[in-house]
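> Input: one structure, supplied below.
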Amino acid sequence: MCHGASSHNITGILAAHPEFAAFSAVLSSTGAAAEIDRRNTVTVLAVDDAAMAAARGLRPEDLKRVIYLHVLLDYFDDAKLSSLQAGFAQAASLFQASGHAAGADGIVNITARQGGRVAFTAAAAASGVTFYEKSVQKSPYDISVLQVNALISSPAPAPAPAPASRSSSSQGSTTPAKAPATPAPAAPATPKATPSAPAPLEAPATTPIPRRRPAPEPESATAPSPDADADADDTPPADQKNSGARGTASWTLGVAAALPAMIVLVL
C-alpha cells in the first residue's frame, strides 16, 4: 500500500549499522530505497558488505533485479518466522510489483528448515538458498529489517540477441559508407576429382547413309570394245572368222591328203 508522505527512512536505519554500508548504497542507486520509504508495510532482507561482494560484476539491470527481490511487500519479524503455518509461506517482492517480473520470478519462498533455520529462495530459482541470520530493526506491521547470509539467487534472463549490423543506408546512421572493394578476378576453379553427374543422353543425330554405287556389270563377250565402231569396217564378224578358219583347216587337210597321190602320179 503506497502513501504520498514518506513512511520510513531505510538508509537512516542502515546508517546505524556500518556493516550494511554497501547494501544501503545499492538500495539508493537502484531506486529501491525510495520505493521502501513510500510503502507502509515492508520487510527488507539486508546483507553485510562481505555478502555484497557476490554482486560485483553484475550488470546494472541484473543487480536491480536481485536487490528488488530483497524487499518483501509484507511484514515478517523473527516471531512470525518461527511460527510459519505448515513451515512455509510466500511473499511478493518489489521486483514482482515493478511489472518486470515474468510469471513467478518476483515471488520469494520462505521455508522453515531443520534446526529452526528459515530459508529464503526465489520461486523461479532451481538452486541457491539464503538463510535468516538475525533481526536488525522492527516496527511491528510497518517495517522489519532482517539480516540474511547471502544474496537471493535469481536466474538472469536470457541475453538478447546482438542487433544486426545496420547498413550505411539505414536511417540515423552517421558513419559514411565505404565504397565496395572491387573483387579480384576469380582464379579458374580446379576441377574436382569427383566425377560429375552424367549428362542426359541425347538421341543420336540421324546421319544420312551414303548410297552405294552399283557395281559395274560384267562386260558381255559380245560387247563391242571401245574401238568397235572404229574397227567395224576392218574386222570381220566373228562367225566369218570362224568359217574362214574352218575353211583353211579343211584346205590344209585336203592338200595333205592329196599330196601322196600327187607324188605317186609323178613317179
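We did not get these values from a lab; they are worked out from the coordinates using the rules stated. This one's a predicted model, so the numbers in the text were calculated from it and none came from an experiment. For neighbour counting, all protein chains shown are included, and Cβ atoms are generated from backbone atoms with ideal geometry for every residue, glycine included.
> Among the chymotrypsin sites (Phe, Trp or Tyr not before Pro) in region 58-94, which ones are in a DSSP loop with at most 10 other Cβ atoms within 10 Å of the Cβ? Mind listing them?
none
> Please work out how much length the chain gains when fully extended from residue 16 to residue 49, using 0.36 nm per residue of separation minus the C-alpha to C-alpha distance, in nm with one decimal.
This chain segment gains 10.5 nm when fully extended.
> Please work out whether region 10-148 counts as rounded, prolate or oblate from its C-alpha gyration tensor, where a ≥ b ≥ c are the square roots of the eigenvalues and a/c under 1.5 means rounded, while otherwise a/b larger than b/c means prolate and anything else oblate?
Because its axes are fairly even, with a/c under 1.5, region 10-148 counts as rounded.
> Could I ask something else about it? Hey, with R₀ at 35 Å, roughly what FRET efficiency would residue 88 and residue 40 work out to, going by the Cβ-Cβ distance, to 0.05?
0.90
> Taking R0 as 45 Å, what FRET efficiency do you get between residue 78 and residue 56 from their Cβ-Cβ distance, rounded to the nearest 0.05?
The formula returns an efficiency of 0.90 here.
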